[in-house]
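> A single structure is presented below for examination.
The values are calculated or read from the model by the stated rules, or taken from the named source; none is laboratory data. Just so we're clear, the structure is a prediction, and the values are computed from it rather than from any experiment. Please note: Cβ atoms are built from the backbone with ideal geometry, for glycine as well, and neighbour counts cover all protein chains shown.
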Amino acid sequence: MAGMSRPGRGSAPRASTPPEPEPQTDLARPAPADRATRSPRRRAVLLGAPLLAAGLGASAWRLRHRAVDPRTVVPLYSGTVAMDADGRRRLIGGRGEGGALHPGTRLLATVPTGAAVSARAEEFAAGTAAWRERLDPGRRELAEAALADLWVLQDGLPAPVAGWSRNWRFVWPRDAAFCAVALARVGHRERALEVLAHLQGLQEPGAWFEARYVPGTANAPDGRSPQFDGAGLLLWAAGEVVASLDEAARSSALTRLEPLIDRSGALLHETTRGGTVLPPASPDYWEVPERTVTLGVAAATLAGLRAVETLDPAGAIAAAGSAQAQSVLLGDTFGARGMQRYPRRGGADSALALLGATGDVEHTDVTALRAMQQELARHAGGIAPGARWKHDGISWTPSTSLLCLAFARLGAADDAGGVLDWLDAHRTSEGSLPEKVLFDGRPAAVAPLAWTAANTLLALDAQLPADAPA
């Protein structure tokens, strides 16, 4: 298929690993040429002080990290994205255009009620009404903002794009996996299946997913390396989406997603040799070249192997064996050194939250997540992607919201609630969840960001009563 490369399969980690490269970019999603400035948030910084003290306890190797201004200022590229009357997306606020919105929507105020795009927005909102009704009233404004963010980044597209600033206007399999699960949980199960079906159409047998795709195509926009975690996370997402369906719909969904299940399941099984070796080194959500397997890739692989057990009944015994072997190996390698970024070193990594977010209770718990939160704390109250990340004072909402989701799924309601409060307080003045929050609490970089919106919705969903209908 066009744009798809085939890294070697079944490769094991090197016996001795060279020093890992330090990140040189912000998740390697470079500042776009059309970057737009920030618009200050009307609310004050929340929860920053308690986490600041914890973040000051850096170990010696952290102090060797290259010097970075802890008061780094990154502009806000846009306060939100909104649709005009013709269904075209516009960057609004920050360095984007001016323009008022219809309250509670991502529609420009100039969009007439009868416009086609208005009807689509209303249809999406109607599909989530039952889910929103089950939320605590104090959380509905945040939920509606995250829903609107997710809608504007996926309406009319085969899968959600990460953001709408120029260099984010692509489909990341990782982000799309979480978006698909969020769509299913809030009531849009068919749309979730469509996202997964689109991604499965981009994967060739034995091939890794590209890091990102030009929307509606199988083409990568640049020479960025393929990434191994896409297969595992899309399998995990398929398991979550199928589980959200009623019994009558599950059989047809499994048939529909059979290529994804077969190809990605075989890729994980063969590459890890039935779970007996760690997955190969690959860029992960840090989006930098790696020579050693990272915790994020290992967590995604384990989540995918476990999902195959439920998605492929015919091969469940083999899948269960691979998942169990990989789980033991993860504990013996990453677990033996405290679940750092790399098997033997690297410090805390927010990918620890990926284990909790995808249902792993063997290798992480609330206590470990709290320790990671303290280790990665930034001045404004969120966290950085990892201890080896540059110490620029910036909180990253994808990592922070993933931590929130892990807390929520592990039953730590108060911890999750505190992070939800923080996310809510640091939205842009237009209401969207941004990618970054500066040292002083100002939202920065891209807004909205699909992965953050999806994580927020899933965290809210995880706090709903267990006996409530899905």
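> Quick one: which of Ala116, Ala100 is out of contact with any Pro (no Cβ under 9 Å at 6 or more places or on another chain) and either of a type in the set (D, E, K, R) or without any contact (Cβ under 8 Å) to a residue 24 or more places away in the chain (or both)? Let's see the steps before the verdict.
On the way: Ala116 fails: either of a type in the set (D, E, K, R) or without any contact (Cβ under 8 Å) to a residue 24 or more places away in the chain (or both).
Result: Ala100 is the single residue among Ala116, Ala100 that is out of contact with any Pro (no Cβ under 9 Å at 6 or more places or on another chain) and either of a type in the set (D, E, K, R) or without any contact (Cβ under 8 Å) to a residue 24 or more places away in the chain (or both).
> Next question, about the same structure. For Ala462, work out the one condition from (1) under 27 Å from Leu91 (Cα atoms); (2) surrounded by fewer than 24 Cβ atoms within 10 Å (Cβ to Cβ) it doesn't fulfil.
Of everything listed in (1) under 27 Å from Leu91 (Cα atoms); (2) surrounded by fewer than 24 Cβ atoms within 10 Å (Cβ to Cβ), Ala462 misses just condition (1).
> Further question on the same structure: Quick one: which of Ala119, Ala67 is at pLDDT below 95, among the aliphatic types (A, V, I, L, M) and surrounded by fewer than 16 Cβ atoms within 10 Å (Cβ to Cβ)?
Values: Ala119 fails: at pLDDT below 95.
Of the residues listed, the single one that is at pLDDT below 95, among the aliphatic types (A, V, I, L, M) and surrounded by fewer than 16 Cβ atoms within 10 Å (Cβ to Cβ) is Ala67.
> Can you tell me which condition Leu245 does not meet? The list is (1) assigned to a loop (DSSP other than H, G, I, E, B); (2) within 20 Å of Gln326 (Cα to Cα); (3) aliphatic (A, V, I, L, M), and all the others hold.
(2)
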